[in-house]
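Everything on this sheet refers to the single structure shown next.
Here, each number is a calculation from the coordinates, and none is a lab measurement. No experiment lies behind these values; they were computed from the predicted model shown. Ideal geometry is used to build each Cβ from the backbone, glycine not excepted, and the neighbour counts take in all protein chains shown.
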Amino acid sequence: MVRPNQVLILFAHPALEKSRVNRHLIEGIHGLDSVTVHDLYEVYPSFHINVGFEQNLLLQHDIIVFQHPFYWYSSPAILKEWQDLVLQHGFAYGQGGTALHGKKFLSAITTGGDAHAYHREGHNYFTIRELLVPFEQTARLCGMEYLPPFVIQGTHQLRDKQDLARHSKDYLRAITALRDDTIEWEHLRRSPHFNHNLDQVIKTQEASHRG
Ligand SMILES: Cc1cc2nc3c(=O)[nH]c(=O)nc-3n(C[C@H](O)[C@H](O)[C@H](O)COP(=O)(O)O)c2cc1C
């Protein structure tokens, strides 16, 4: 029996009680084996991050996910604090800093702006991939493979429960496939976003049995 990948979700939402989308996504993956959901605002309401604990957590996982709403073209503040403190020289990068080498990194974000807004002609001008470059390069510097991000856009227009349920199901599929390594890696690496076409990116049950 092949050991499943251990997936760590570093979750950051400063007002979970007001969240619609991220709350749904987190609830959808609750209790999955080999998936650790680590809610940073819940654990560190005063931002006093326990660096040793966080580094150990990283060591115990193969796939690191930053899940958060997109705030000012970046993450909520605690995730920046977490990066500044936890990704230390000699641990994550620099001489002897190989702790994260070979792991995979995924950004899972929700944006108020819709897909059209994130184009040269749209009012955010830059694409999501461009705006996520600091995360991509952080992952690269730490020796991790940066995967195309899982992105849900136009959150204000997600009106009904069906829309939310569809995204939540996609997220569950994505996280489960990362855990079980049922990913068509070459397809994924060519995709603009992880959830651009999940049916191509995730192996069907039959194909994964064939190996
Ligand atoms: C402080 C703040 C900053 C935001 N910045 C952006 C932004 O830069 N781009 C964007 O598309 N949406 C932005 N939004 C909208 C959020 O991304 C959106 O409300 C969120 O993804 C919805 O997820 P939730 O229901 O889990 O809160 C911002 C919202 C807040 C409160």
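Counting other beta carbons within 10 Å of each Cβ, put HIS167, HIS187, HIS101, HIS13 in order, fewest first. Mind dumping the intermediate values first?
Working: HIS167 20, HIS187 15, HIS101 11, HIS13 23.
So the ranking, lowest neighbour count to highest, is HIS101, HIS187, HIS167, HIS13.
Could you quote the convex hull projected area for the chain, Cα atoms only and averaged over all directions, in nm²? The partial results should precede the final answer.
Details: hull surface 49.9 nm².
About 12.5 nm², averaged over all directions.
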